[in-house]
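Comments concern the structure below.
The values are calculated or read from the model by the stated rules, or taken from the named source; none is laboratory data. What you are looking at is a predicted structure, and each value in this text was computed from that prediction instead of being measured. Methodologically, a virtual Cβ is constructed for each residue, glycine included, from the backbone with ideal geometry; neighbour enumeration extends over all protein chains shown. Please note that ligands, DNA and RNA were not included when accessible areas were found on the heavy atoms of the full protein model with its side chains. Shrake-Rupley method; radii C 1.70, N 1.55, O 1.52, S 1.80 Å.
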Amino acid sequence: MAAGFATFVMVGHDVGPAALGRYGLALAVLAVALIAADFGTTLTFGARLGAGAPEMRAAEFGRMIAARLLLGGTTGLLLLCTLPFLPEEIRPALALAALLMPLAAARFLDSVFQVCGRPGWSVWPSLANATTLVGGTALALWLQLPEAALSVVAVSAGVVYGAIGLVLAARLLPLRPASLAHGWATIRAAAGVGVSNALGSLNGRISLIMLAALAGATELGHFTAGFRFFELGAAVAITLCAPLVPVFGRAVGSLETGQPRSGTTRLCASVRPALTSVLAASGAGTVAACAVADPLVRLIFGPDFAVAAPVLRIAAAMSALLITATVLFAGLVPLGRTGFAVRGSAAACATNLAACAVLIPLDPLLGAAWAALLAEVAMLAVVAQAFWREAGPPLTVADMPIVLGPGLVTALVWAAGSAALAPFTVPTAAGLSAAVAAWLCLRRRSPADSLPLSIPEASS
């Protein structure tokens, strides 16, 4: 996440708003393609590994590889068909991604490392990705290579991640694809999550795409700079979700066909502290981002991007909503209840499109940002309602002081403190109050809340 953000800042400083807008568009199209190539299989794969017996891991891994080869090939072909409709500067990178899609999208291996007792191995493909991304981008800018080279580097970094991750995974489980029938069965089992993720990824980028169609490249660059903070929040959400799914899967246990769903009490006991801590930290972080938005944008991207500060504030609130929805979503996956996600993502997309059509002509930057925020509200409402119906309330009234406290403390420091010192005092207050909230949340857990997890599983 840090490497991607640092690279984005480097590109913005060197090439200006218009080129940054095209670079952001390339990353947005690539992100949609990667989600389509995943099609929800990462979440369902992690849940099965966490709940299944050790002797079944190799078979599950083989089915997953077969599924990802099928999905990667299909997605790559569709991406090649879209190239004529995209700017010329980003076509080479997306063509490379289309040809190597199974490798570029091989980001499902963290569950293998985690469940097989080697969670630390996740560091190595990530480190290779970060080194390739930052080093390659810096070299391309220093050599003043054509603009297309920047997005090619971004794709290459993803391919490096997948290649190294698969080499490491092969040391834990045999790297043998299952039959096509097993691959299709894995895809069908993840269909609800897959369609939801595809629509959700598209929803997160509708505002950017609509802005590209209805406004100029400069406005697109300004929006991309502020909206990048939402992309960072989405990356945090994915990072949180991946290790939580196996833990929630262990809480639920195995689900037998035809039997009533069980384990919801233990699931709520596992989801509740995670959600409480996440909401407390997200609230404080959102307030802090609003306080430092203007100096932060000027510092990171330069004075040419100062108009992106309001977009950053809205993007921070969107990130908090998305992270909350992702934790609840991760709790529902082990229950096998994922059909709601399609409705939620579809509602979010429809809300985003309608709001963009109305708001962007009035104010391109703020209109696109507010439309995206309304879509996240719609998504969270559907996910929260589904979790409540399937497993019960994820929070109680007793959780509210911990959930709301850090945000209120941060807001008080912002309102009562000096404006000149706000960039230092407000983030400090947010971090300290969120840490205290997390400590209180974990300290009050009773022995009944604990699950018999191994050290690698509990580490998440």
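Exactly one residue out of LEU133, LEU99, LEU94, LEU173 is touching a helix residue (DSSP H, G or I) at 6+ places or on another chain (Cβ under 8 Å) and free of Cβ contacts under 8 Å to residues at least 40 places away in the same chain, and it is LEU99. The C-beta contact set for the stretch 407-418 (first residue within 15 Å of VAL292 (Cα to Cα) and touching a residue at least 24 places away in the same chain (Cβ under 8 Å), second residue part of a helix (DSSP H, G or I) and open to solvent by 80 Å² or more (accessible area, probe 1.4 Å), distance under 6 angstrom, 6+ apart or interchain) is empty.
In the stretch 401-410, is there at least one residue being of a type outside the set (Asp, Glu), at pLDDT below 85 and closer than 22 Å to THR324 by Cβ? Checking the stretch 401-410: not a single residue is of a type outside the set (Asp, Glu), at pLDDT below 85 and closer than 22 Å to THR324 by Cβ.
Among the residues of the stretch 360-375, the ones that are open to solvent by 10 Å² or more (accessible area, probe 1.4 Å) and either within 14 Å of ARG313 (Cβ to Cβ) or in contact with a helix residue (DSSP H, G or I) (Cβ under 6 Å, 6 or more places away or on another chain) (or both) come to 6 in all.
Do we have LEU172 as open to solvent by 20 Å² or more (accessible area, probe 1.4 Å), farther than 30 Å from GLY367 by Cα and not in a helix (DSSP H, G or I) here? Taking the combined requirement at face value, the residue satisfies it.
A single entry from SER156, SER151 fulfils the requirement of being crowded, with 16+ Cβ neighbours inside 10 Å and touching a Phe, Trp or Tyr at 6+ places or on another chain (Cβ under 8 Å): SER151. Out of all the residues in the stretch 432-443, is one or more part of a loop (DSSP other than H, G, I, E, B), open to solvent by 60 Å² or more (accessible area, probe 1.4 Å) and at pLDDT below 80? No, that holds for no residue.
Would the stretch 153-166 turn up any residue that is within 30 Å of LEU366 (Cβ to Cβ) and touching a residue at least 60 places away in the same chain (Cβ under 8 Å)? Show your work before the answer.
Here is the first cut: in the stretch 153-166, the ones within 30 Å of LEU366 (Cβ to Cβ) are 154.
Narrowing further to those that are touching a residue at least 60 places away in the same chain (Cβ under 8 Å): 154.
Yes, the stretch 153-166 contains a residue that is within 30 Å of LEU366 (Cβ to Cβ) and touching a residue at least 60 places away in the same chain (Cβ under 8 Å).
Give the residue, chosen from GLY16, GLY76, GLY40, GLY62, that is free of Cβ contacts under 8 Å to residues at least 60 places away in the same chain and either under 25 Å from SER111 (Cα atoms) or out of contact with any Ser or Thr (no Cβ under 6 Å at 6 or more places or on another chain) (or both).
Just a single option satisfies the conditions, and that option is GLY76.
Taking the stretch 402-427 as the range and being hydroxyl-bearing (Ser, Thr, Tyr) and either buried (at least 20 other Cβ atoms within 10 Å of the Cβ) or not in a loop (DSSP other than H, G, I, E, B) (or both) as the test, the residues that pass are THR410, THR425. Counted as qualifying within the stretch 73-145 are the helices (runs of 4 or more DSSP H) with 3 or more residues that are β-branched (Val, Ile, Thr) and more than 15 Å from ALA26 (Cα to Cα), namely 123-142.
Would it be correct to say that THR44 is polar (S, T, N, Q) and either under 23 Å from the mean Cα position of the chain (by Cα) or closer than 19 Å to LEU141 by Cβ (or both)? Give the steps one after another, and end with the answer.
On the way: polar (S, T, N, Q): yes; either under 23 Å from the mean Cα position of the chain (by Cα) or closer than 19 Å to LEU141 by Cβ (or both): yes.
When the stated conditions are applied, THR44 passes them.
Criterion first (buried (at least 21 other Cβ atoms within 10 Å of the Cβ) and at pLDDT 85 or above) does ALA341 satisfy it?
Numbers: buried (at least 21 other Cβ atoms within 10 Å of the Cβ): yes; at pLDDT 85 or above: no.
Here the answer is no, as ALA341 does not meet what is asked.
Being under 20 Å from GLY249 (Cα atoms), open to solvent by 70 Å² or more (accessible area, probe 1.4 Å) and among the aliphatic types (A, V, I, L, M) is the requirement here; does MET56 meet it?
Working: under 20 Å from GLY249 (Cα atoms): yes; open to solvent by 70 Å² or more (accessible area, probe 1.4 Å): yes; among the aliphatic types (A, V, I, L, M): yes.
Here the answer is yes, as MET56 does meet what is asked.
Set side by side, the residues ALA398, ALA422 differ, and just one is in contact with a Pro (Cβ under 9 Å, 6 or more places away or on another chain), more than 25 Å from ALA198 (Cβ to Cβ) and at pLDDT below 90, which is ALA422. Note on the stretch 111-121: residues that are open to solvent by 50 Å² or more (accessible area, probe 1.4 Å) and under 19 Å from the mean Cα position of the chain (by Cα) total 0.
Look through ALA330, ALA354, ALA348, ALA308 and report the one residue that is out of contact with any Phe, Trp or Tyr (no Cβ under 9 Å at 6 or more places or on another chain), open to solvent by less than 10 Å² (accessible area, probe 1.4 Å) and either in a helix (DSSP H, G or I) or closer than 29 Å to THR410 by Cβ (or both).
Numbers: ALA330 fails: out of contact with any Phe, Trp or Tyr (no Cβ under 9 Å at 6 or more places or on another chain); ALA354 fails: open to solvent by less than 10 Å² (accessible area, probe 1.4 Å); ALA308 fails: out of contact with any Phe, Trp or Tyr (no Cβ under 9 Å at 6 or more places or on another chain).
Selected residue: ALA348, the only one of ALA330, ALA354, ALA348, ALA308 that is out of contact with any Phe, Trp or Tyr (no Cβ under 9 Å at 6 or more places or on another chain), open to solvent by less than 10 Å² (accessible area, probe 1.4 Å) and either in a helix (DSSP H, G or I) or closer than 29 Å to THR410 by Cβ (or both).
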